[in-house]
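First comes the structure, then the notes that go with it.
Quick note: the coordinates plus some simple rules give every number you see, no bench work behind them. Note that the coordinates shown come from a computational prediction; the quantities given were computed from them, not determined experimentally. Don't worry about glycine lacking a Cβ; one is built from the backbone with ideal geometry, like all the others, and counts go over all protein chains shown.
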Amino acid sequence: MLDDLVVRILAEDGDAALRHVGLGMLLATAHNQSREGMNDELRPLDVDVRGLSMLLALDLYGPSSQRRLIDLSGIDKSTMVRIIDELEDGGLVRRERAPQDRRAYSITLTPEGERTLASARRVAVDVGERLFGWLRPDERDQLVGLLRRLAEHTAPR
């Protein structure tokens with residue numbers, strides 16, 4: 001359910017400032033609620049959405065440096081260190097010396113990380129169906145297209 005404030009702000013047709021602020025609040029509400037729902041379901045796996053995104057990146061791109069993961073995800077350095085520390089403490093990834101640069105580390109999935117990722121993918125399907133299953137496939141595609149355009153438009157130049 002939407003907060004009364006968001007509903008009321010969005011109802012103000014004649015005030016462009018309120019409509020823009022309301023749209024941003026609506027987007028933030030949808031993001032926060034969907035992230036919270038996913039994190040709730042991932043909690044038994046001892047991983048959250050940010051950790052899952054790193055497990056997915058490692059699965060897609062293979063062993064990677066923290067720098068590369070930062071570049072791929074846009075997550076800041078201190079947050080990335082925290083995420084990798086949590087995943088390493090959970091036995092889901094390990095830091096290994098990079099063969100091409102002995103000063104650098106490569107982050108790799110462990111067998112436990114691969115098992116957790118497989119379970120997390122199943123959770124993501126279930127949560128995704130609850131969040132988006134009521135939308136027709138063409139509506140999902142439209143939502144993705146609009147959000148992609150918004151993200152590209154608002155990206156730093």
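Some observations on this one:
- DSSP-assigned coil residues among chymotrypsin sites (Phe, Trp or Tyr not before Pro) in segment 101-157, each with at most 14 further Cβ atoms within 10 Å: TRP134
- Dipole orientation for the chain: of the candidates SER53, GLN66, GLY22, GLN66 has the Cα lying most toward the positive pole (charges on Cβ; Lys, Arg +1; Asp, Glu -1).
- Note on the chain: with a GNM built from Cα contacts shorter than 10 Å, the maximum mean-square fluctuation among LEU69, LEU135, LEU87 falls on LEU135.
- Segment LEU56-ALA16, extension gain: residue separation times 0.36 nm, minus the distance between their alpha carbons: 10.4 nm
- For segment 61-67, 3J(HN,Hα) computed residue by residue from phi via the Karplus equation (6.51, -1.76, 1.60; θ = phi - 60°) reads 9, x, x, 9, 6, 4, 4 Hz, glycine and proline entered as x.
- Choice from LEU42, LEU72, LEU146 showing the highest fluctuation, given a GNM over the chain with Cα pairs closer than 10 Å: LEU146
- Listed residues PRO63, PRO99, PRO44, most fluctuating in the chain (Gaussian network, C-alpha, under 10 Å): PRO99
- With θ taken as phi - 60° and the Karplus curve 6.51 cos²θ - 1.76 cosθ + 1.60 applied, the whole-hertz 3J(HN,Hα) list for segment 37-48 is x, 5, 4, 4, 6, 7, 3, x, 8, 6, 9, 10 Hz, x standing for glycine and proline.
- With K and R counted +1 and D and E -1, the other residues having a Cβ less than 10 Å from that of ARG19 yield a net charge of -3.
- Exposure proxy ranking, count of Cβ atoms within 10 Å, fewest first, for MET38, MET80: MET80, MET38
- The distance separating the Cα centre of segment 23-100 from that of segment 135-150 comes to 24 Å.
- Set of segment 96-129 residues, backbone N closer than 15 Å to the point 7 Å along the Cα-Cβ line of ASP40: 124, 126-129
- Given R0 = 30 Å, the distance between the Cβ atoms of THR79 and ALA28 translates into a calculated FRET efficiency of 0.95.
- Dipole magnitude (debye, nearest 20) for segment 1-156, charges at Cβ of Lys, Arg, Asp, Glu: 680 debye
- Karplus (6.51, -1.76, 1.60) ³J(HN,Hα), θ = phi - 60°, over segment 95-107, in Hz, Gly and Pro reported as x: 9, 10, 4, 6, x, 7, 8, 5, 7, 9, 10, 10, 9
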